[in-house]
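Here is the structure we will look at, set down as structure tokens.
The values are calculated or read from the model by the stated rules, or taken from the named source; none is laboratory data. None of these values were measured; they are calculated from a predicted model. Because the Cβ atoms are built from the backbone with ideal geometry, glycine has one as well, and the counts that use them run over all protein chains shown.
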Amino acid sequence: MKQEAIDLQQNAVTSLVELTSAQDEITFKAPTGSGKTYMMADMMNRILSADKNVIFLVSTLSKGDLATQNYEKFQQYSVKGNFPELKPYLISSEIAGEERLFVPTDYNVYLLPRDLYKKGGRLMQGAMEGFLRTVTGTELIGGLDKKVYLIKDECHIATNNLDSLSEKFFTKIYNFSATPKLSRGQHPDVEIKNDDAVNAKLIKDIELVDDPDAKVTDAITKFEEIKKDYRNMLGVNPCLIIQISNKDKADAEIAEIKKELEKAEHTDLKWMLIVNNEKQCDTNDTFKAKKLPVSKWKDYAKENSSTIDIIIFKMVITEGWDIPRACMLFQIRDSKSKQLDEQVMGRVRRNPRLLDFESLSEDAQRLAMTAWIWGIVPGDLRKSFGVKLWQDSEIITNEIKIKTTRLKSLTKKASFNLTTFLKKQSIVSTPSSIFSLWRNFVKAENSVREMGENYATTYTKWREFVENIDTVANESSQYVNDYEKSMEVVKDENGKEVEVSFALTSHYTDNGNYVDIGDWVWKRNDGKEKFAFDSEAERAWTSILKDLAKDDVAVGDGRVGKRVTVGRKNPKAGATDLFGETEPEFLDTKQVYLWGKNYVANSPIKFEYYLGAPHSSYPDFVMKDSFNRIHIFEVKSVNISANMVGGFDNNIYKTKLEELKKAYKQASKLTNQIFYLPILRDDKWRIFQYVEGNEKLLSKDEFVNFCKKVTM
């Protein structure tokens, strides 16, 4: 699992815990598939570690057995030692006859399927309120005097009956959802944004098929195209999910889909129809699924090894059903609900190889991180715009060649031998329990865990390693953080330095901060020249580079920025036309300047730095000047917003800046590229420049003058 993903989750949890002391109600928004249940468990574990007088009531959908799923996960986290403070209990109404429903009081996390607490339900007959009175001591002599914190999982679904108990029993309320209900005041206090989750590889990027005339046959054909690669490259059987209408149109749509699947070219596909009425469920998988009770079909279908290729459903898998192998969604129905659409979309966005993602090849990583969707326009993508390099992009990518850097792990240090290192450590006088050892192991940074996994061929060696894991981690941190020793230029398997360029296609989210640009490396898919940027600092720096690229200089080709001619290749280039004129090399030619935004989606332009663990920095801009120098820019601002997402406070932000300075300084020495950290404070730029391992602090004017000169 990438360290960026771990940090993104942990920073969000840190923010939630910190807000607990300041607010009585907190809303957390994170995309489906980003690990909300895991982060919920982490948050509860941290709070319970600090305050034994708290219990959590987690109100969860009954649909899809989400309460049971969460209970089983919490149990697993507790037993494995990830979050040992959790003592979960699943509240159930499955009791015999007229026996009075009873909820025990010796647990600290209670899972409540919210449909149990509804009018006429057995919990409404005094059991739930009695339990709350007992644990809080409200109006009851000898009560436990506990604080009850309510978590509304999938908080966009109403909980009116529970809400009526809020003032009397609940000290804190947490709203968790990918789609919180703003109309109910659920405005996010902590948020993991879609782009952050994609960049951290928590969830897949979306390839939206925006074609109103698309048919289900298009999705099935596309699925057939990628199925073999998915199995061979990822070791996972992929899945296409088709959502049909809920009422009158459903039967006709099912018949049409089955007709398509009966065609000779699709007879190898296994499909399953899952609806609320078990008698209407159907499948052509006679070998496996037909032998299972229908109630087990969903469990079977979600496994990576399941042979079901296509799942057809109405509304039964909108929430709480994890199926990471699903990579395509074709939506026939129009739900008329933004929340439902985004919940359905979440079914196909989970990373199927999250835990070992970094072990995959680049092609396999791209495949694992792509979800194809027909019919739904996700909220975060409604303002998303596709971009691509100008026609005959090979000219651009041949001109802009960038060497990237990475950090070597401690095992690459020539003088380090793990066996020798461990033998030098003091013998542990009081052995730790297996549970505490496991907790320490899973908390360790990725490269340290990997060292342990490679070393521990026996249980004895594993225990030896984990008893000394803090010492190993400290040694690793010292080495990796010394960039002169640990940083290297990325090389291929033959030891040749790799050169990368802009991705051929990408996309960006419209966050405002507009600049009109028609002559850089990118063109919008819709042909418009209005580009948006992530911050005011980026927008301001874009304007600087836009003007600088066109600035007249005394030498070079007459501009600071190097220009190339792009256009469609002329198949008749060099031939003579009817009028005796030589056919040009290109049609529809255009001159563009070699600079552009480094859009993260699909980008290989990244540099590693160390902040407790290796992280990747994707610089914001790249420019090639007319002197053939490569300039790389990471734009920052110290005008930090008060509600920065992910838990980055000012100290963490400043620490990150210092690490980037160190990393870019060494990278400039290794790659012979020029790196910059332009930092905006109020309206003034402080520009840190790194050339051949040397740092200079420039003003805006000094930076512009440098770019106009040939000499360094």
Members of the range 276-297 found to be surrounded by 14 or more Cβ atoms within 10 Å (Cβ to Cβ) and either out of contact with any helix residue (DSSP H, G or I) (no Cβ under 8 Å at 6 or more places or on another chain) or closer than 22 Å to GLU225 by Cα (or both), listed by number: GLN280, ASP282, ASN284, ASP285
Answer residue from the range 194-212, given it is surrounded by 20 or more Cβ atoms within 10 Å (Cβ to Cβ) and β-branched (Val, Ile, Thr) and is nearest to SER616 (Cα to Cα) among those: VAL198
Test: residue in the range 351-370 that is modelled with pLDDT of 80 or more, surrounded by 19 or more Cβ atoms within 10 Å (Cβ to Cβ), farther than 26 Å from LYS2 by Cβ and out of contact with any helix residue (DSSP H, G or I) (no Cβ under 7 Å at 6 or more places or on another chain): no
Residue selected from the range 445-460 under the condition closer than 17 Å to THR471 by Cβ, at pLDDT 90 or above and of a type outside the set (A, V, I, L, M), by the criterion surrounded by the most Cβ atoms within 10 Å (Cβ to Cβ): GLY452
Tally of residues being at pLDDT 90 or above, among the hydroxyl-bearing types (Ser, Thr, Tyr), within 30 Å of ASN705 (Cα to Cα) and assigned to a strand (DSSP E or B) across the range 560-610: 2
Residue in the range 408-433 that is surrounded by the most Cβ atoms within 10 Å (Cβ to Cβ), counting only those that are assigned to a loop (DSSP other than H, G, I, E, B) and touching a residue at least 24 places away in the same chain (Cβ under 8 Å): SER409
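I want to confirm something. Restricting to the range 506-536 and keeping residues that are on the phi > 0 side of the Ramachandran plot and surrounded by fewer than 14 Cβ atoms within 10 Å (Cβ to Cβ), which single residue is farthest from the chain's Cα centre (by Cα)?
Quick first cut of the range 506-536, residues on the phi > 0 side of the Ramachandran plot only: 512-513, 527.
When the remaining residues are screened for being surrounded by fewer than 14 Cβ atoms within 10 Å (Cβ to Cβ), the result is 512, 527.
Details: GLY512: 22, GLY527: 29 Å.
For the range 506-536, the residue satisfying everything is GLY527.
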Residue list for the range 382-410, restricted to those being of a type in the set (Gly, Ala, Ser) and either within 27 Å of the chain's Cα centre (by Cα) or at pLDDT 90 or above (or both): SER384, GLY386, SER409
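Specify which of the listed residues (ILE310, ILE257) is among the β-branched types (Val, Ile, Thr), over 29 Å from PRO113 (Cβ atoms), within 27 Å of the chain's Cα centre (by Cα) and surrounded by 14 or more Cβ atoms within 10 Å (Cβ to Cβ).
Numbers: ILE257 fails: within 27 Å of the chain's Cα centre (by Cα).
Within the list ILE310, ILE257, the selection yields ILE310.
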Residue match in the range 651-670 (condition: among the β-branched types (Val, Ile, Thr) and surrounded by fewer than 15 Cβ atoms within 10 Å (Cβ to Cβ)): yes
Pairs with Cβ under 6 Å, 6+ apart, first in the range 626-637 and assigned by TED's automatic domain parsing to the domain that holds ARG539 and on the phi < 0 side of the Ramachandran plot, second buried (at least 22 other Cβ atoms within 10 Å of the Cβ) and basic (Lys, Arg): ILE630/LYS624
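Test SER436 against the criterion of being farther than 26 Å from ILE630 by Cβ, of a type in the set (Gly, Ala, Ser), modelled with pLDDT of 90 or more and part of a helix (DSSP H, G or I), and give yes or no. So that I can check it myself, show each step before the final result.
Values: farther than 26 Å from ILE630 by Cβ: yes; of a type in the set (Gly, Ala, Ser): yes; modelled with pLDDT of 90 or more: no; part of a helix (DSSP H, G or I): yes.
Judged against the criteria, SER436 is not a match.
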Any strands (runs of 3 or more DSSP E) falling wholly within the range 612-712 and containing at least 2 residues that are farther than 30 Å from ASP470 by Cβ and either modelled with pLDDT under 95 or out of contact with any Phe, Trp or Tyr (no Cβ under 9 Å at 6 or more places or on another chain) (or both): 674-681, 684-691
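Identify, from the list ILE241, ILE220, the residue that is in contact with an Asp or Glu (Cβ under 7 Å, 6 or more places away or on another chain), surrounded by 15 or more Cβ atoms within 10 Å (Cβ to Cβ), modelled with pLDDT of 90 or more and closer than 30 Å to GLN280 by Cα. If you could, list the steps in order and put the result at the bottom.
On the way: ILE241 fails: in contact with an Asp or Glu (Cβ under 7 Å, 6 or more places away or on another chain).
Testing whether each residue is in contact with an Asp or Glu (Cβ under 7 Å, 6 or more places away or on another chain), surrounded by 15 or more Cβ atoms within 10 Å (Cβ to Cβ), modelled with pLDDT of 90 or more and closer than 30 Å to GLN280 by Cα leaves just ILE220.
Here is a yes/no grid of residues against (1) within 14 Å of TYR174 (Cα to Cα); (2) crowded, with 22+ Cβ neighbours inside 10 Å; (3) in contact (Cβ under 8 Å) with a residue 12 or more places away in the chain:
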{"site": "GLN3", "(1), (2), (3)": "no, no, yes"}
{"site": "ASP7", "(1), (2), (3)": "no, no, yes"}
{"site": "ALA12", "(1), (2), (3)": "yes, yes, yes"}
{"site": "LEU19", "(1), (2), (3)": "yes, no, yes"}
{"site": "PHE28", "(1), (2), (3)": "yes, yes, yes"}
{"site": "PRO31", "(1), (2), (3)": "no, yes, yes"}
{"site": "MET40", "(1), (2), (3)": "yes, yes, yes"}
{"site": "MET43", "(1), (2), (3)": "yes, yes, yes"}
{"site": "ARG46", "(1), (2), (3)": "no, no, yes"}
Meets criteria (assigned by TED's automatic domain parsing to the domain that holds SER415, of a type in the set (A, V, I, L, M, F, W, C) and either out of contact with any Lys or Arg (no Cβ under 8 Å at 6 or more places or on another chain) or more than 24 Å from LYS423 (Cα to Cα) (or both)) for VAL472: yes
